[in-house]
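The values are calculated or read from the model by the stated rules, or taken from the named source; none is laboratory data. None of these values were measured; they are calculated from a predicted model. Cβ atoms come from the backbone with ideal geometry, glycine included; neighbour counts cover every protein chain shown. For accessibility, only protein heavy atoms count, side chains too; no ligands or nucleic acids. Shrake-Rupley method; radii C 1.70, N 1.55, O 1.52, S 1.80 Å.
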Amino acid sequence: MYGIIDCDNCYVSCERVFRPDLNGKPVVVLSNNDGCVVARSNEAKALGIKAGMPYFKMMQEFKGHDIAVFSSNYELYGELTARVVEIIRQEAPAYFRYSIDECFVYFPLNIEHGALNIKDSDSQLHSTKGGDGGGLKIWGENLHKRIKKSVGMPVSIGLAPTKTLAKLASHFAKKYPGYHHCCLIDTDEKRLKALKLYPIEEVWGIGRRYAARLQALGVTTAYDFAQHHGSWVRATFNNIVIYRTWQELNGIDAVPNEEMAKKKSICTSRSFNGMLTELDDIRTHVANYAARCAEKLRKQETVASIVAVFLNTNFFREDLPQYWNFQEKRLTVGTNSTIDIVKVATEVLHEMYVPGYHYKKAGVIVMGIGPNSPQQLDLFDYDAKDYDKKKRLDAAMDRINKVNGTETVVLGSQQYTKGRGEKAEVFANAIKHDHKSKNPTTRWSDIIKLK
């Protein structure tokens, strides 16, 4: 059996932990540079505020409403969700984090006794009787209560024989209060009922493009898709991910844990604080995005063989000429070196940059991701000393930044500046965040003071 613990409206819930006065009120969280809405409370959704809506449009259309607005505060979100994951680690036999607000848990089967191994409230492993779904349901409800009490974050829990069905169950746990924040799919009857109620475009693993193809073929629900024969799925799509999704919906565990834990592509992108026209200014941003991609590659012990950059103007400014471009460069040997990835990203930027435009956003994407060992090296262009030096340099930078704080040590090309002769800025202060909340759990300067 698998479970997924999903933080409800994660960013909004994090902001509400230290602002309980906002419970029951519309709250939105904005993207970097306060560009658009990336998270909404249920109350904000009920007003009609859409994800991705530009902030200035929201202020115009919902002027008469009392909406609490926050800039993205990833330091706070990361710290609070880490506390949630720590509780999950104590309560589950096995777990792996899937994203900032989602964590999968795994309940191994005791083959000898035909029972599931779960932990009680004292974190002691014990076994349920075969088919005892009630034990898992109680476990999920108790986990929700503990996380809410200890961290202040509401979560929804889905439990099922496969990861895809668990994701589906968490949707029902979030949507229907009668589940008490935990939905268990442990019988075929429950599985079929859930599939009939679930739109195909919402199924985990079915992207927008494949959802449109399925709908054109008369497949509108997860049940419709699951009822097709496996050979039809293979012949129609010729895609292993789609086929695995079909298997999972039919109760067959098909998504390997190791593939879940490691991303197939990594993207870091931001809107600029204002519009930029000079190449040097844009290059500094791109260098920082590339460095973050490299850090994420090293964290999951992978390398990338393709580095791509995109650059675009502000499409909301119809009075200005528009430009958009995307280019990539394939590497002979995969890498996770900050120096190498930043160098390639800036080279690609130079090729695609066109003067005369007002640029609003850029991003770096690393693809062709594979394990960092073993790795096929280039016979004709490989310097063992240089490779080892970069590896040790990256390890030292990661260690220093982990102990002393992000961006304690950066490459020269990553350095932001305020202006001539003024103190250099780090990335967190180089972007617009007029509505940023404090960080009472990670900074002494922001600690809560009681009168």
Per-region count, segment 178-205, residues under 18 Å from G251 (Cα atoms), of a type outside the set (D, E, K, R) and either assigned to a helix (DSSP H, G or I) or touching a helix residue (DSSP H, G or I) at 6+ places or on another chain (Cβ under 6 Å) (or both): 12
Of residues in segment 348-407 being open to solvent by 90 Å² or more (accessible area, probe 1.4 Å) and under 26 Å from the mean Cα position of the chain (by Cα), the one modelled with the lowest pLDDT: T406
Residue pairs meeting the criteria (Cβ under 8 Å; at least 6 apart or on separate chains; first within 16 Å of N32 (Cα to Cα), in segment 49-68; second open to solvent by 80 Å² or more (accessible area, probe 1.4 Å) and outside any helix (DSSP H, G or I)): P54/F316
Close pairs (8 angstrom Cβ cut-off, 6 or more residues apart or separate chains): more than 19 Å from V410 (Cβ to Cβ) and assigned to a loop (DSSP other than H, G, I, E, B) in segment 341-357, modelled with pLDDT under 95 and among the aliphatic types (A, V, I, L, M) anywhere: Y353/L279; Y353/I282; Y353/L311; P355/L279; Y357/L320
Residue check for V85: at pLDDT 75 or above, under 27 Å from S445 (Cα atoms), assigned to a strand (DSSP E or B) and open to solvent by less than 40 Å² (accessible area, probe 1.4 Å): no
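Can you name the residue in segment 312-346 that is closer than 30 Å to P371 by Cα and basic (K, R) and is also surrounded by the most Cβ atoms within 10 Å (Cβ to Cβ) among such residues?
Result: K343.
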Condition broken by F18, with the remaining ones in (1) surrounded by fewer than 22 Cβ atoms within 10 Å (Cβ to Cβ); (2) under 19 Å from the mean Cα position of the chain (by Cα) satisfied: (2)
Matching residues, segment 97-110, being closer than 16 Å to D253 by Cα, modelled with pLDDT under 90 and among the hydrophobic types (A, V, I, L, M, F, W, C): F107, L109
Candidate set: segment 25-51, residues that are assigned to a loop (DSSP other than H, G, I, E, B) and under 16 Å from the mean Cα position of the chain (by Cα); chosen: the one nearest to S445 (Cα to Cα): S31
In segment 291-311, residue nearest to R97 (Cα to Cα) [restricted to those that are in contact (Cβ under 8 Å) with a residue 12 or more places away in the chain and open to solvent by 20 Å² or more (accessible area, probe 1.4 Å)]: Q300
Neighbours by Cβ (under 6 Å, 6+ apart or cross-chain): first from segment 426-451, over 21 Å from L80 (Cβ atoms) and open to solvent by less than 70 Å² (accessible area, probe 1.4 Å); second among the hydrophobic types (A, V, I, L, M, F, W, C) and modelled with pLDDT under 80: none
